[in-house]
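The values are calculated or read from the model by the stated rules, or taken from the named source; none is laboratory data. As the structure is a computational prediction, the values presented were derived from the model and not from experiment. All Cβ positions, even for glycine, are placed from backbone atoms using ideal geometry, and neighbour counts span all protein chains on display.
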Amino acid sequence: MFIQLLYLSLLLSTMILGIVRHKKLTVPYKLLTVIIGITFIVESINWQLAIRSHDTRFLAHIMSLAELNFYFPIFYLLFSQKVIKKIIIGLIIFFNIFSFINSFFLQPYYNNFPSNVLLPVEICYAILSLVMFRQMLSNTLSINITKQSIFWYGSAMLFLSTSLFLCLGLNNYFVIHHLNFHILGTFNYIINLIFYTMAGYAIYLNSKENILNEG
């Protein structure tokens, strides 16, 4: 109960931070604020349904679709290379079509988790994050890299995508050995707490960067 409340509180406070600093944010971080807000709403509904013992797997389909339509465009806006931008547009189109097919035919939203979509999408997030680090290193700025919002966004996405692979691997292990899923659920919450803390810091830094640029 405590960790769920902590998670929702973090989402809410990060969303409020983004709203308060909205005018000082660049477009990618405005989009990041929106998807965090959507996540807060969906996770709140998910928590209430779970308490009442309702199946919440359909919400995972909604979130996977929402996330790919926000996180990919954020990457698109942060990259400068035209080739990578075109690849990202292709990924958005492909995964939207595939997500629809998966949710209705391969892993129906009413009784399946959308792992067919999540796994390849997380691979793409990880690859794009690594390529983004390469872009940062090739475009060296006078500002310390750890004080750049793009570094924290890329780090957050890389952390999330790689951690979810570990989480899915542990999921299979827990099923085979009939272990208590409460431990895995707690681990998943910890992953998200770290991710949204990093995302929130990226939003904060971006608002400061804009003030410096205007100055």
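Considering the stretch 1-113, the qualifying helices (runs of 4 or more DSSP H), each wholly inside and each with 3 or more residues that are in contact with a helix residue (DSSP H, G or I) (Cβ under 7 Å, 6 or more places away or on another chain), surrounded by 18 or more Cβ atoms within 10 Å (Cβ to Cβ) and of a type in the set (Ser, Thr, Tyr), run over 27-51, 57-78.
Residues in the stretch 174-204 that are farther than 25 Å from residue 124 by Cβ and either modelled with pLDDT under 90 or not in a helix (DSSP H, G or I) (or both): 174, 175, 176, 177, 178, 179, 180, 181, 182, 183, 185, 186. Go through (1) modelled with pLDDT of 95 or more; (2) within 27 Å of residue 100 (Cβ to Cβ) for residue 45 and report which single condition fails. Going through (1) modelled with pLDDT of 95 or more; (2) within 27 Å of residue 100 (Cβ to Cβ) one by one, residue 45 breaks only (1).
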